[in-house]
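Each remark here refers to the structure printed beneath this line.
Every read-out reported here was derived from the displayed coordinates using simple, explicitly stated rules and does not represent laboratory data. Computed from a predicted model, the values in this text were never measured in an experiment. Cβ placement follows ideal geometry from the backbone for every residue including glycine, while neighbour counts extend to all protein chains displayed.
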C-alpha cells in the first residue's frame, strides 16, 4: 500500500516538472519532437532508478548524523550531511558515465537511441533534485527509494511526452509572432501545471508533505477565513 | 567605467537584455520558477547565484588548461558543489528561516544550467578576469528576471513587497482594500510563475522583433 501511494504521488501529485519545476531546462530544450522526447524520458527513468537508491545508501550509511556507527562506537557522533551535495553529484556524474559505458557495450541499440541524452542527464536538475528530495522527505527504506526514483522518472517522462505532442501540433496554429517557440511553451506548461494541480486531492489522509508554496497558500487561506469572519461580524452588527 | 573596457562592459550588458540567460538562452529555468513567490527569496537566490557564478567561472577559467577534456563535467560539478556548500552553510548560519524556504533549491544551484552553460561556452575559452565579468553579467541577467517575477507574484498574490503591506491591510480594509480590492491568491501558486515568465518573453520579443523564433 505504501508503495502504491508513493508511486502515484510521485507521478501525479508531486510531478517533477509541474509541481517542483525540476528538469525544466532539458524539458524545454528537448521537447520539439516526440521521438527525442521519448529518448530523454526513458534515459531519465533509467538513471533515476539507479542513482536514487544509491544515494539513499550513501545518505543512510555515510552522510547522516550518526550514520558512521557501523565503523565503531567512536564514530557514532559524526555528522557529514554538509557533504551531501558534493557526494550526490559525484555519484550521479560517475553513474551516468558508467551507465553510458555499460549500455554502449551490451546494448548498442539502446545506446544509439539514448546516446546523446545520457551525458546531458548528469546536469539535469531532476536527477539531483530526486536525490535531494529523497533526503529531505526522509524516505524510509531502500525499496521505497527505488520506487521513488522510478516513479519520479515516469512523471518526468509523462510531462515531456505530453508537451512534445502539443508542440508538434501547435506548429500548425497561428500563434502571435512574439510568443512563438519559447513563450507559448511556457504558457502551455503553466496551464498543464494547473491541470495537474487537480490531482492534489487524490491522496488526502496520507502524510502531509507541504512544499513552501502550499504553506504560503495556506497562510493566505487562513487570512481569507479571518476576513470572512470579520465580514460576518460586521453584517451581524 | 574607467576600469572596464568597452568589450568587457558588453559582457555585462548583453545578458541583461538581448542575450538574457532565462528568456533567450533558456538556461536555469528550474530555480527561477520555484522560489519566486516572494521577492525576498528571489533576491537571496540571485545573490547566491551571483556568488557561485562569478567565482565558479573564475576558478574554471584558471584551470582551463589543466582539465582533461574527458572528465571536465565532473571537475566542473565538483567546483560548483564546493561553492554551493559554502553558500548553503552561510545561509543556514545567518538566515535560517530563509534557507528553510529555499530548501533543496540552494542545492540545485549545482545543476543550474546557467552555470554549466557558461562554463562550457565561455570560461573554458577565456581568461579568468573576463570569465569573472561574464559570470557576473549572466548572474545579473538571471537576477533581473527573478526579481521581476518575484515582484509581481508577491505584489499581486499577497499584496506585500519584502513583507511590507504596501497595498494596505486586507483584514482591517485599509489602502486599496477599502475599495473592494482582493488579493489574487492564484499568483502564489506554482503555475503562475511559468505564465509570468511567458508574458515577460512576450513583452521582450514584441519590443525586439529580431528575437522572434520561427516555431
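Length available on full extension from residue A:169 to residue A:197: 0.36 nm per residue minus the Cα-Cα distance, which gives 7.7 nm. If you run the Gaussian network model on chain B, springs between alpha carbon atoms under 10 Å, then out of B:185, B:135, B:54 the most flexible one is B:185. The mean number of Cβ atoms from other chains found within 10 Å of a Cβ in peptide B:101-109 is 6, as a whole number. For chain B, the longest principal axis of the alpha carbon atoms and the long axis of helix B:72-94 meet at an angle near 40°. Sort the protein assembly as shown into rounded, prolate or oblate with this rule: let a ≥ b ≥ c be the square roots of the eigenvalues of the Cα gyration tensor; rounded if a/c is under 1.5, and if a/c is not under 1.5, prolate when a/b is larger than b/c, oblate otherwise. Rounded, because the longest to shortest axis ratio a/c is under 1.5. The long axis of helix B:39-62 is offset from the longest Cα principal axis of chain B by roughly 0 degrees. Here the extension length gained between residue A:29 and residue A:94 equals 21.0 nm, from 0.36 nm per residue of separation less the Cα-Cα distance. Per residue of A:188-196, other chain Cβ atoms within 10 Å of the residue Cβ number 5 on average.
Just to verify a number: FRET efficiency for residue B:94 and residue A:8, C-beta to C-beta distance, R0 = 41 Å, to 0.05? Calculated value: 0.55. Rounded, prolate or oblate: pick one for the stretch B:113-211, where a ≥ b ≥ c are the square roots of the eigenvalues of its C-alpha gyration tensor, a/c under 1.5 means rounded, and failing that, prolate if a/b is larger than b/c, else oblate. Cα axes put the stretch B:113-211 in the prolate bin.
Across peptide B:166-174, the mean count of Cβ atoms from other chains lying within 10 Å of each residue's own Cβ comes to 2.
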